[in-house]
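Everything on this sheet refers to the single structure shown next.
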Amino acid sequence: MKMFKKITEAIRGNEDFSDITSNSLRDILNGNILTTRFFQKQYVLLIMIAALTFLYVDNRYYCETQLAKEIDLKKKIQDAKYESLTISAELMNISRQSNVLMKVNESGSNLVESTTPPIVIEDSIQKK
């Protein structure tokens with residue numbers, strides 16, 4: 001705490017604040033306060049603060065747009081997953097043996113279901 005007091009006393013000792021304290025509200029509103037000696041010394045600091053404020057606002061806007069894009073892409077991914085799941089379920093339903101037989105019978109073709117089970121042919125050449 002002593003260090004903070006020393007710093008503030010050093011600042012008060014080096015600067016002349018009489019210009020700032022004597023200004024009225026009217027001088028502040030028309031901008032005449034910026035012509036005082038104190039503010040003329042601090043123009044670089046004021047410009048730096050204004051630039052940093054601008055960069056802060058710009059960075060915040062950029063982050064918000066990126067976040068909105070991320071949320072939109074997550075929704076699109078979720079919709080694509082649901083659509084894929086729906087299509088997969090429909091394909092499984094269509095490819096069931098009972099549904100295939102029903103479609104064949106509806107088409108009027110003379111195909112008949114085989115009553116003998118399939119025979120597994122084994123390859124006599126062993127793969128290396």
222 nm mean residue ellipticity, helices alone, for the chain (DSSP H n ≥ 4; -39,500 (n - 2.57); rounded to 500)
-23500 deg cm²/dmol
If Leu52, Leu34 are placed from fewest to most neighbouring beta carbons inside 10 Å, the sequence is Leu52, Leu34
Tell me the net charge near Glu64. Cut-off is 14 Å between Cβ atoms, Glu64 excluded, with +1 for each Lys or Arg and -1 for each Asp or Glu.
-1
Exposure proxy check on Ile87, Ile33: fewest-to-most Cβ neighbours within 10 Å is Ile87, Ile33
If I build a Gaussian network model for the chain, linking alpha-carbon pairs within less than 10 angstrom, which residue out of Arg37, Arg26, Arg60 has the largest mean-square fluctuation?
Arg26
Just name one of Leu85, Ile33, Leu67: the one whose Cα is farthest towards the positive end of the charge dipole of the chain (beta-carbon charges, Lys/Arg +1, Asp/Glu -1).
Ile33
Could you tell me which label, among (1) 26.2; (2) 7.5; (3) 9.2, carries the value of mean projected area of the Cα convex hull in nm² calculated for this structure?
(1)
Fewest first, what order do Val104, Val44, Val120 take by the number of other Cβ atoms within 10 Å?
Val120, Val44, Val104
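Each value in this text was obtained by applying a stated rule to the coordinates, not by laboratory testing. This one's a predicted model, so the numbers in the text were calculated from it and none came from an experiment. Reconstructed Cβ throughout: ideal geometry from the backbone, glycine too, with neighbour counts over all protein chains shown.
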